[in-house]
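The values are calculated or read from the model by the stated rules, or taken from the named source; none is laboratory data. Treat the numbers as computed from the prediction; the structure is a model and nothing was measured. Heads up, the Cβs are rebuilt from the backbone with ideal geometry, glycines too, and the neighbour counts pull from every protein chain shown. These accessible areas exclude ligands, DNA and RNA; they are computed on the full protein's heavy atoms, side chains included. Shrake-Rupley method; radii C 1.70, N 1.55, O 1.52, S 1.80 Å.
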Amino acid sequence: MKMTFARKALLSAAVSAALLPVAMTATASPDRPEGPRHEGGEMRAELFDRAGIDAETREALKQAAMEHRQEVKELNDDFREQRMEILGEDGVAALERARHELREERINALVDKWELSDDERDAFNAARESFKQGAEALKAQEFENPEARHDAWRELMSSTRDQLAEILDERQLRELKHTMMPGHGDHPRGGPGEHRAHGPDKHHAPEA
């Protein structure tokens, strides 16, 4: 079944909101994971086509995004250093454990509300675990260039999106996105640019 543009966008948002935090935990390091922010490359191109944005303007936007990424990375690096100085290693670890527990409680409560069948629930959990394993593998993998890394993340995100499309309907996807977006019970991960589930670059990481 061909996926509509709106459903594809909704699936991407839900994947980012619900599964990227798993990747953040799997790849927690000063240099945040690379490709998830670029998962929507195909949709971005379709948007540009529909809006009539020419190649020169797209390139200008790309350059602006690259500069933005670097600025955000520097801000995030500074904040992480400050957070470590304030909390110490034990405090940061305790915060991450609490965030993980809270996130899992919220996801489990949402799945309970949906009253999925045992098979559907198993498939949902399997999609999350598969994503986590994939994220861990990508963190450990060496890439020739950033583009190859971004492509690998796009492939992982696309695969997870397809798995969720077989399990959840659009209402459930909206609820998943809404529940897991920052501002619904959690505090942001704790740095400039690290509190959005969607953003132009890899450093706008959602909560872990």
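What net charge do the residues around I53 carry, taking every other residue with its C-beta under 13 Å from that of I53, with Lys and Arg at +1 and Asp and Glu at -1?
-1
Which entries of K73/K139; K73/K132; K113/K139 show an alpha-carbon separation above 27 angstrom in the structure shown?
Long pairs (Cα-Cα over 27 Å): K113/K139.
Sort I53, I86, I107, I167 by heavy-atom solvent-accessible area, probe 1.4 angstrom, most to least.
Accessible-area ranking of I53, I86, I107, I167, largest first: I86, I53, I167, I107.
May I ask you to list the GluC sites (Glu not before Pro) in segment 102-156 that are in a DSSP loop and have at most 11 other Cβ atoms within 10 Å of their Cβ?
Those satisfying the criteria are E115, E142, E144.
Starting from the Cα gyration tensor of segment 82-183, take the square roots of the eigenvalues, sort them a ≥ b ≥ c, and report rounded, prolate or oblate (rounded when a/c is under 1.5, otherwise prolate if a/b is larger than b/c, else oblate).
oblate
When ligands, DNA and RNA are left out and all protein chains stay put, how many square angstrom of accessible area per residue does segment 64-118 have with a 1.4 Å probe?
Spelled out: the 1.4 Å probe surface of segment 64-118, per residue, equals 67 Å².
Computed over the Cα atoms of segment 79-120, what is the convex hull's projected area averaged over all directions, in nm²?
Working: hull surface 16.1 nm².
Mean projected area of the Cα convex hull: 4.0 nm².
With a 1.4 Å probe and every protein chain kept in, tell me what percent of the accessible surface of segment 83-156 is carbon plus sulfur.
Summing carbon and sulfur atoms, their accessible area is 46 percent of the total for segment 83-156.
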